[in-house]
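One structure is given here, and the rest of the page talks about it.
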Amino acid sequence: MNRHFIRTMLLGAVLTCGMAAFSAGTPVQAADSIPAKPEPGTFKIGIEPWLGYGQWHVAASKDFYKKNGLEDVQIVNFSEDKDINAALASGQLDAANIATHTAMGMVAAGLPVKIVSLLDFSLKADAILAGADIKSVTDLKGKSIAFEEGTTSDILLNYALSSNGMTINDIERVPMPAADAGTALIAGRVPVAVTYEPYISAALGQDKNVKLLFEAGKNPGLVSDVLVVREEVLKSKPGQVLAMIKAWDAALKDYKANTEEDRAIIAKAVGASPDDLKTAFDGVQYYSSAEAAKAFAGDFTAKTFPDVLKAAKEAGLVSKDVTAAAIIDPSFVDAANK
C-alpha cells in the first residue's frame, strides 16, 4: 500500500505560471495523428504497490500488451514516490503511475510530463477516523490528529478542514505513518486519525466507537491517480502510449467480467491477499479511457483539478500554481475511443 507513502519532492526549478482559467489540456499532437500501430521497442512504466494501478498487472498476466501490438512492456516497481519521480525525470522511465497532486508538483518543478489518462479515484479507501466524542469536522479544531505528512492523507485532511473554514494550523499535528495512525486512535493516543485501507477496516473492526468522519468520496477525485508520460516519449513513441491505454482498457473490461480472478492477480502483485484488500477494492473506482476522456472534458478539469491544487498548496506539497492546460493531454484517450 506504499502508493500513499509520498515524499515532498524538491521544487527548485523556477516556473512562471499565473492562475489562468482551467481548461482542457493542450495536446502534444492531434488525436487523429497518433498512429494506431505502436512503434517497435520497449516501453518502461513505473509503478508502486497500490491496487489502483492493478490493471497493468492484469494486462501483463493476460497478454493484453502483446494483443495490442506492444513488443516489450517493462513494469518497473518502486516502493517510494521520490524514487519513481527521479527515474522519470532522468529518462529511465517512459511513463509513471502517480497521484494527481504529485503530477502537479512535477510540472510545477519544470519536469516536462503530461497526464494522458485518469486511472482511479479513491472513494472510501481514504478517510478521517474519529472517536465517539468527535461529531463533525468542525469539532477537529484544537484536536491532535495522526496522519502521514506529504501524502494523500495530508491532502484529504487539508481539504476537509478548508471545507469547514479551518486550516491545518487549527489542529495539533501528530505525524506518523498511515499504517500506525489507526492504531494510535484505537490505543487512545489521539482522538482522530487519517489513514487508508486496509487500516480503515481494521480500526473500525477493533473498536465500535471509531467512526468514519470524512471520506475521500465527499469530493470524488480529491484522492486520485493518473498516468503521466514524458513529453519526449509522447512525440517519439505516440503509438506505444496509445497501445498502453488500449491494454489498460482491455484489462479493465476483463476485470469487470472476471472480478474475483483478476483481484487475485492484483493482490498478489501488491503483496497482499484478496481477502485483505476486499474493502479496499470496493472503495476504489477504476477509469476506462472513455471515462477519462469524459472527465477531462468535464468535472475533472473544472472542479477536481482546482480542488486538488488548492489542497496540495495548503499542505505545502505544491509551491506554484499550475493549470489543467499545462498538464493534461487528452488526445490519447480521445484517440483510444475513435
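The values are calculated or read from the model by the stated rules, or taken from the named source; none is laboratory data. Only a predicted model underlies this, so the values are computations on that prediction, with no experimental measurement involved. Ligands, DNA and RNA are stripped out before the accessible areas are found, and what is left, the full protein with its side chains, is counted by its heavy atoms. Shrake-Rupley method; radii C 1.70, N 1.55, O 1.52, S 1.80 Å.
For Lys268, a cut-off of 16 angstrom between C-alpha atoms picks up these lysines, skipping any fewer than 8 places away in its own chain: Lys62, Lys278.
Each part gets one Cα centre, and for the range 245-272 versus the range 276-338 those centres are 21 Å apart. The separation of the range 112-159 from the range 161-211, counted between C-alpha centres, amounts to 9 Å.
Two tests apply to each whole DSSP H helix in the chain, Cα reach of 18 Å or more along its axis and mean Kyte-Doolittle hydropathy of at least 0.0, and the ones passing both are 238-257. Need one number: the % of Cα-Cα pairs in the range 112-243 sitting beyond the 27 Å mark. Pairs farther apart than 27 Å: 28 percent. Over the range 181-258, the hull volume per residue, using the convex hull of the C-alpha atoms, is 147 Å³. Note that the range 291-338 presents 36 Å² accessible area per residue, ligands and nucleic acids not counted, probe 1.4 Å.
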